Amino acid sequence: MASDPTSAPARPSFALLLAAGLGTRMRSPLAKVLHPALGRPLVAWAVDAARAAALVPVVVVNHQEDAVRAALADRGCRFARQEAPRGTGDAVASGLQAIDEDGVVVVLCGDGPLIRAETLRALCAAHAAGGRPVTVLTMHLEAPGAYGRIVRDESGRVLRIVEAGEARPEELALTEVNTGIYALDIVWLRARLPQLQPHPPKGELYLTDVVELAAAEGGAQGVVLADAREAMGVNDRAQLAEAEGILQERVLRRWMEAGVGIEAPASVTVEAAVELDPDAAIERGAVLRGRTRVGAGARVGAYSVLVDAELEPGAQVLPHCALESCTVASGASVGPFARLRPEARVEEGAKVGNFVEIKKARIAPGAKVPHLSYVGDATVGAGANIGAGTITCNYDGVFKHHTEIGPGAFIGSNSALVAPVRVGAGALVGAGSVITKDVPDEAVALTRAKQEHWPEAARRLRERKLAEKARRGTRS
Amino acid sequence: MASDPTSAPARPSFALLLAAGLGTRMRSPLAKVLHPALGRPLVAWAVDAARAAALVPVVVVNHQEDAVRAALADRGCRFARQEAPRGTGDAVASGLQAIDEDGVVVVLCGDGPLIRAETLRALCAAHAAGGRPVTVLTMHLEAPGAYGRIVRDESGRVLRIVEAGEARPEELALTEVNTGIYALDIVWLRARLPQLQPHPPKGELYLTDVVELAAAEGGAQGVVLADAREAMGVNDRAQLAEAEGILQERVLRRWMEAGVGIEAPASVTVEAAVELDPDAAIERGAVLRGRTRVGAGARVGAYSVLVDAELEPGAQVLPHCALESCTVASGASVGPFARLRPEARVEEGAKVGNFVEIKKARIAPGAKVPHLSYVGDATVGAGANIGAGTITCNYDGVFKHHTEIGPGAFIGSNSALVAPVRVGAGALVGAGSVITKDVPDEAVALTRAKQEHWPEAARRLRERKLAEKARRGTRS
Amino acid sequence: MASDPTSAPARPSFALLLAAGLGTRMRSPLAKVLHPALGRPLVAWAVDAARAAALVPVVVVNHQEDAVRAALADRGCRFARQEAPRGTGDAVASGLQAIDEDGVVVVLCGDGPLIRAETLRALCAAHAAGGRPVTVLTMHLEAPGAYGRIVRDESGRVLRIVEAGEARPEELALTEVNTGIYALDIVWLRARLPQLQPHPPKGELYLTDVVELAAAEGGAQGVVLADAREAMGVNDRAQLAEAEGILQERVLRRWMEAGVGIEAPASVTVEAAVELDPDAAIERGAVLRGRTRVGAGARVGAYSVLVDAELEPGAQVLPHCALESCTVASGASVGPFARLRPEARVEEGAKVGNFVEIKKARIAPGAKVPHLSYVGDATVGAGANIGAGTITCNYDGVFKHHTEIGPGAFIGSNSALVAPVRVGAGALVGAGSVITKDVPDEAVALTRAKQEHWPEAARRLRERKLAEKARRGTRS
């Protein structure tokens, strides 16, 4: 994210991001630029690319302005408001009101998350080298469709951009088109914007027209984008999914080249803010969201879903787990089918097994919760063993209470520990107990009625029911 | 599925579907055309395309005739039986026996699920415009392989179709091939079919030969299919998977363009009969089968598998759930790791948490079953709280019984409610109880032995066992 | 794996595999050739291809020599040690020390898992037909990058291979490159290797130089590899994932052509040693590892993860299961959300349901463990019914003990069976019991305190807590 000072352009430079629209084709109450791709709003991808290219982001907003500002907090953005949808020329004029400086401004689309910082740096460098007021980033498309066509003269200079709807047949046949990305001299632009003429039928001002103004002064150039996918805009959910897929490939390729083992990369989600160490292992279908971190030698099992989880080096998360805002320490093992909720902490060498839920609880080193348990608002001491079916009864219908299980304690299966309660160090709770009072260290505690037998009673009961069933069957 | 009357051809039109074969390369006891793609039998895809193009489907059957008829019930099909596998010419002759009318018949392959209604409409329109008795749908293949080659004269008229096995070298080099799809005038066809000559070695009649008959009368034309994938036939499991993949892409694109958010589209299954509202959200790996419906703002979490499930608007299904024939209401939340079985109904604002199974039970508004419970044949009243590890004992080995839990009741953890039983409104069941008798409203009910302690007994027991272990270790 | 004697070359033939390197770009403590693809080490793929082409594998090792030898045990390999990384020429010279015979040696890369036996056979055949001492396998690449360029004379004979770093511009423009795979006459090679000259800067010996030596004697030929992907080497994790993906496609295509139904093939993992019968069904996202076997008519549900599991014909594994080293018999059903651990055996018609863990236990024919149970170190008799929440308490903190449940027994929900213990045939254990003593056949057994009620106590308790909550809320 940090800019490389050696590649910073000589004059102060800005990125002006067009992010005012709603995006009706998304069919969503959420403004288009706020839809997330890999956990990051669309507009933030373009902002981050701009920042990485040493450009100060200036975001032109209108729809859901507050939400857009909030989504970009801590990214060093300036904001400007476009009052009404009067075209890209008007949007840029609105944005310039947030820029007092002169220098260069790069115009970007807020719904274009794929543009790379390297491309923006190259565009700025070409702009600086060209010495002209306008540099437009172009691309070649086999099917140019509705894109504005780039009209060049025989010497290759850009003369103008023609919108597809206004193009003559020979212009429509052109396959070099406008990406909607430009580098522009601010002083020059500020002087020319008032000269833009509204286009029928909506009377919008087109930024594309500045190209013709510049050309008339002998001054527009075009730079071709090598990979047209970088200029892809997101207009509907299909394009959102496609863009997210491309971003995901980039992110995964970066991690794999850094030494992270990823099984079936197309099957996994690794959001933008996730951090992975070399030699971490990610199995098929793992989903890593938010600020999840996975240390060296740690493993995320197939189909496990992690949100803001931290796996320390060597931690093992088996398949089919759901972890959120929790920590798994070195040598600890979790799953399969384990759920760790916020503030769960599974410490070194501890083990959480299948069908176990841990919430706001510390499982101390070497402790084991192997099966079918709920441990919430609790501390499980080092080396303690929690039998299958153990429940910490932390909620009384109104309040939550704490359970403390001492080091080396052994909780028999199907026990309920009614909080607040403490089971002492080394204590043993018999299977099926309901513990409501503290258990002293090293004591055995039980709540259990005597086992009683009724010989042959099962046979008689079964026969009676089967006879009843036969009777019912006969009747019906 | 409904036909568009404005695009219906002037004369009555039929689609004759060849669906008599077994399909030995599938290596399956199930006839090939009955193998499902996105939950719909292969033959039904072609039938539905025909119907959408205003064609009356006539299905030629033989293998597993009854099953094919059943699979196509309610689709307005006529059926005809081909008695023996004597070639496509014979199959079409068999099919014509179910058509008394004249007009146009489009011949389709029952194992070709990718053909689109738009293509059939265009074929019919070209057939009507051409005014010739035979219009063959062709395609260009780089590697034409075993497909029948289209031989045209210099003016472009189709002269004949040559099977690859009978073609001369210069014919084999042709890359325009037969799709196996034709539009034919019924009266003309009925008169010409008896003229077909059997081909060695099996003595089959080839429908392709009608092209040459028509050409001899100056009358065959060819129409090229733009996307050859539409004519893909399914002959083995690899092709079935490929065809299903293409169908899935089409279905997902349609939903995304309608505003459904789909994470990693290649990772999800959305079968053909599923209905999704705009702004529904489908996370990675979700599997939606049968008549599942997902309302606006509802979410299907990663890897959840839904069969005939209904999510009302705003319902939240977290990752790793399995739902079948159940309903989740607005504002309700289910999972992760929840299983809803048939007749489960989670009502507004209710919550079903992890490792919980609900079967034939109503969870009333605001009620909570957060963890590790089985609720079957039961009603859970509004706002009730079901502790972790609660089991409704609905089965006595012979009969199933009902459990009723009143509004606002609180069931302590690890309780068993032995049905038939009723826990009253506002009642509280202590943790670890086994409730066999009705609990009055607002009462506290318990079954619990006194908690007893044996000081230092845990230590003594442990030491004894460890000594025993050491002794055994020494001996071995 | 067995060689086809009819295609075996006339003289004894060897494959010399270069597997000495560490592979620093993997950023792993594990030597590169030991990284698994589909559960098989990279080097084993090349070894198996060589063996299938009737070549005796000779593996040149250095890094993690013992581990490489162990990974290739039972594959009939010879091993040779390259003492230091002095280039491919030196590696081959090292390898030849393990070959006393004359004949032909094919040089292969240990990190190239995609080479196919058919290709090696064709290379050997071309080598034999050509009658020259050196046959190099080449490929055409659009972007030849760092690959060694193949220089041919006007008659097409190979003159030499030029490393990219030492190539002249016109050589760099060549697009035919070296795969690193050669067939060589052993006697000739043994004589020429001492003539290789070290290359600066590291003084390495290049095997590629033998081509020029052969050409000087009029004797090198090149054979072009049709699909360049076969020669792909694995140098980093991204390439490992890519190679594994290609291998997975091959494996799945083979199974589908054999009649296995695979939903969404790109979504599943089927490791190399897995065996599938025709008409087995694999649903989306299934992961089959190790020596897993799936019989005809058996089904692996979506996202189930199987390791060394055996599903007999017709066995049903529902979605979201985790199975390891266990057996599911015909007509048995498991899941969803079931975990079978080693030595679990679910017999004919038995059923294991959701949130159930089975470990080292036999579930006899027709027995049912439908929900939320742990059955470990146990036998469940035929037709027995295990209620929800049943736990076999197999561990006393030091020892593991066995539980035996007789045929037709009925265990009430939330019971704990404290092993060692036996529940007799046809016996009935009441819900919520803790069984510590054997239960006779056909007896009813219970441990249960009397159900007690405190009328209106729940209301009073609730009101008191809510008042307390209000007081706290006011205070804060």
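The values are calculated or read from the model by the stated rules, or taken from the named source; none is laboratory data. Since we're looking at a predicted model, the values are computed, not measured. Neighbour counts are summed over all protein chains in view; Cβ atoms, including those assigned to glycine, are modelled from backbone coordinates with ideal geometry. Quick note on the areas: whole protein, heavy atoms, side chains included, nothing else; ligands and nucleic acids left out. Shrake-Rupley method; radii C 1.70, N 1.55, O 1.52, S 1.80 Å.
Okay, residues lined up against (1) small (G, A, S); (2) at pLDDT below 95; (3) open to solvent by less than 30 Å² (accessible area, probe 1.4 Å):
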{"site": "A:R69", "(1), (2), (3)": "no, no, no"}
{"site": "A:D74", "(1), (2), (3)": "no, yes, no"}
{"site": "A:R78", "(1), (2), (3)": "no, no, no"}
{"site": "A:D90", "(1), (2), (3)": "no, no, yes"}
{"site": "A:V107", "(1), (2), (3)": "no, no, yes"}
{"site": "A:R116", "(1), (2), (3)": "no, no, no"}
{"site": "A:T119", "(1), (2), (3)": "no, no, yes"}
{"site": "A:A122", "(1), (2), (3)": "yes, no, no"}
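Return only the number of the condition from (1) away from every other protein chain (no Cβ under 14 Å); (2) in contact with a helix residue (DSSP H, G or I) (Cβ under 8 Å, 6 or more places away or on another chain); (3) not hydroxyl-bearing (S, T, Y) that C:R237 does not satisfy.
(1)
Quick one: what pairs do we get from region A:180-206, first residue farther than 16 Å from A:L137 by Cβ, second of a type in the set (F, W, Y), C-beta under 8 Å, 6+ apart or different chains?
That search, which allows pairs on different chains as well, returns A:I186/A:F14; A:L196/A:Y206; A:H199/A:Y206.
Just one of B:A228, B:A241, B:A173 is touching a residue at least 24 places away in the same chain (Cβ under 8 Å) and of a type in the set (G, A, S); which is it?
When all the criteria are applied, what remains is B:A228.
Does A:R289 satisfy the criteria of being within 21 Å of the chain's Cα centre (by Cα), within 13 Å of chain C (Cβ to nearest Cβ) and either within 15 Å of A:I386 (Cβ to Cβ) or open to solvent by 10 Å² or more (accessible area, probe 1.4 Å) (or both)?
Criteria not met by A:R289.
Six or more apart or on different chains, Cβ atoms under 7 Å: show the pairs whose first residue is in region C:150-165 and in the same structural domain as C:G219 (by TED's automatic domain parsing) and over 23 Å from C:P201 (Cβ atoms) and whose second is open to solvent by less than 60 Å² (accessible area, probe 1.4 Å) and hydroxyl-bearing (S, T, Y).
Final answer for the pair search is C:I150/C:T138.
Here's the yes/no breakdown for (1) modelled with pLDDT under 95; (2) under 22 Å from A:A388 (Cα atoms):
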| position | (1), (2) |
| --- | --- |
| B:G397 | yes, no |
| B:G408 | no, no |
| B:G424 | no, no |
| B:V439 | no, no |
| B:A445 | no, no |
| B:A449 | yes, yes |
| B:H453 | no, yes |
| B:R471 | yes, no |
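Just name the residue that is most open to solvent (accessible area, probe 1.4 Å) out of those in region B:150-170 that are acidic (D, E) and assigned to a loop (DSSP other than H, G, I, E, B).
It comes out as B:E154.
If B:Y374 passes every condition in (1) within 13 Å of chain C (Cβ to nearest Cβ); (2) hydroxyl-bearing (S, T, Y); (3) surrounded by fewer than 24 Cβ atoms within 10 Å (Cβ to Cβ) but one, which one does it miss?
Condition (3) is where B:Y374 drops out.
Scan region C:352-371 for residues that are on the phi < 0 side of the Ramachandran plot, surrounded by fewer than 24 Cβ atoms within 10 Å (Cβ to Cβ) and either β-branched (V, I, T) or away from chain A (no Cβ under 13 Å) (or both) and jot them down.
C:R362, C:A364, C:P365, C:K368, C:P370
Going by the conditions given, is B:Y147 of a type in the set (F, W, Y), part of a strand (DSSP E or B) and under 30 Å from B:Q248 (Cβ atoms)?
Judged against the criteria, B:Y147 is not a match.
Restricting attention to region B:455-468, which residues are crowded, with 16+ Cβ neighbours inside 10 Å and either more than 8 Å from chain A (Cβ to nearest Cβ) or outside any helix (DSSP H, G or I) (or both)?
Those that are crowded, with 16+ Cβ neighbours inside 10 Å and either more than 8 Å from chain A (Cβ to nearest Cβ) or outside any helix (DSSP H, G or I) (or both): none in region B:455-468.
Quick test for you: out of A:E257, A:E263, A:E242, A:E275, pick the one residue that is under 21 Å from C:L38 (Cβ atoms) and acidic (D, E).
Only one candidate passes the filter, namely A:E263.
Quick one: would you say A:R86 is of a type in the set (K, R) and either touching a Ser or Thr at 6+ places or on another chain (Cβ under 7 Å) or closer than 12 Å to A:V56 by Cα (or both)?
No.
Only one of (1) outside any loop (DSSP other than H, G, I, E, B); (2) without any contact (Cβ under 8 Å) to a residue 24 or more places away in the chain fails for B:I358. Which number is that?
Of the numbered conditions (1) outside any loop (DSSP other than H, G, I, E, B); (2) without any contact (Cβ under 8 Å) to a residue 24 or more places away in the chain, the odd one out for B:I358 is (2).
Residue under question is A:L288, and the condition is that it be modelled with pLDDT of 95 or more and closer than 18 Å to A:M256 by Cβ; does it hold?
yes
Can you give me the ranges of the strands (runs of 3 or more DSSP E) entirely in region A:1-116 with at least 3 residues that are within 26 Å of B:D279 (Cβ to Cβ)?
Of the strands (runs of 3 or more DSSP E) lying wholly inside region A:1-116, those with at least 3 residues that are within 26 Å of B:D279 (Cβ to Cβ) span A:13-19, A:56-61.
Give just the number: which of (1) open to solvent by less than 70 Å² (accessible area, probe 1.4 Å); (2) at pLDDT 95 or above; (3) in contact with a strand residue (DSSP E or B) (Cβ under 8 Å, 6 or more places away or on another chain); (4) assigned to a loop (DSSP other than H, G, I, E, B) does B:T392 not satisfy?
Evaluating B:T392 over (1) open to solvent by less than 70 Å² (accessible area, probe 1.4 Å); (2) at pLDDT 95 or above; (3) in contact with a strand residue (DSSP E or B) (Cβ under 8 Å, 6 or more places away or on another chain); (4) assigned to a loop (DSSP other than H, G, I, E, B) leaves (4) as the failure.
Within region B:330-351, how many residues are part of a loop (DSSP other than H, G, I, E, B) and either over 15 Å from B:G383 (Cα atoms) or open to solvent by 10 Å² or more (accessible area, probe 1.4 Å) (or both)?
12
Being within 14 Å of another protein chain (Cβ to nearest Cβ) and either under 20 Å from the mean Cα position of the chain (by Cα) or among the polar types (S, T, N, Q) (or both) narrows it down to one of B:A309, B:A296, so name that one.
B:A309
Answer yes or no: is there a residue in region C:10-24 that is open to solvent by 50 Å² or more (accessible area, probe 1.4 Å) and within 14 Å of chain A (Cβ to nearest Cβ).
yes
Among the residues of region A:198-239, what is the count of those that are buried (at least 19 other Cβ atoms within 10 Å of the Cβ) and under 20 Å from A:Q82 (Cα atoms)?
So the answer is 6.
Within the bounds of region A:381-391, is there any residue that is at the interface with another protein chain (Cβ under 10 Å from one of its Cβ atoms) and in contact with a Cys (Cβ under 9 Å, 6 or more places away or on another chain)?
yes
Within the group B:P144, B:P133, which residue is more than 23 Å from B:L16 (Cβ to Cβ), touching a residue at least 12 places away in the same chain (Cβ under 8 Å) and surrounded by 20 or more Cβ atoms within 10 Å (Cβ to Cβ)?
Step by step, each of B:P144, B:P133 is checked, and only B:P144 is more than 23 Å from B:L16 (Cβ to Cβ), touching a residue at least 12 places away in the same chain (Cβ under 8 Å) and surrounded by 20 or more Cβ atoms within 10 Å (Cβ to Cβ).
Just to be sure, is A:Q248 in the same structural domain as A:L123 (by TED's automatic domain parsing) and open to solvent by less than 40 Å² (accessible area, probe 1.4 Å)?
Here the answer is no, as A:Q248 does not meet what is asked.
Pull up region B:377-389, narrow it to residues that are over 32 Å from the mean Cα position of the chain (by Cα) and on the phi > 0 side of the Ramachandran plot, then point me to the one that is least open to solvent (accessible area, probe 1.4 Å).
B:G389
Could you please let me know if B:L193 is over 15 Å from B:T135 (Cα atoms), at pLDDT 95 or above and open to solvent by less than 40 Å² (accessible area, probe 1.4 Å)?
yes
When only residues in region C:253-267 that are in contact with a strand residue (DSSP E or B) (Cβ under 6 Å, 6 or more places away or on another chain) and in contact (Cβ under 8 Å) with a residue 12 or more places away in the chain count, which is farthest from the other protein chains (Cβ to nearest Cβ)?
Top of the filtered list is C:W255.
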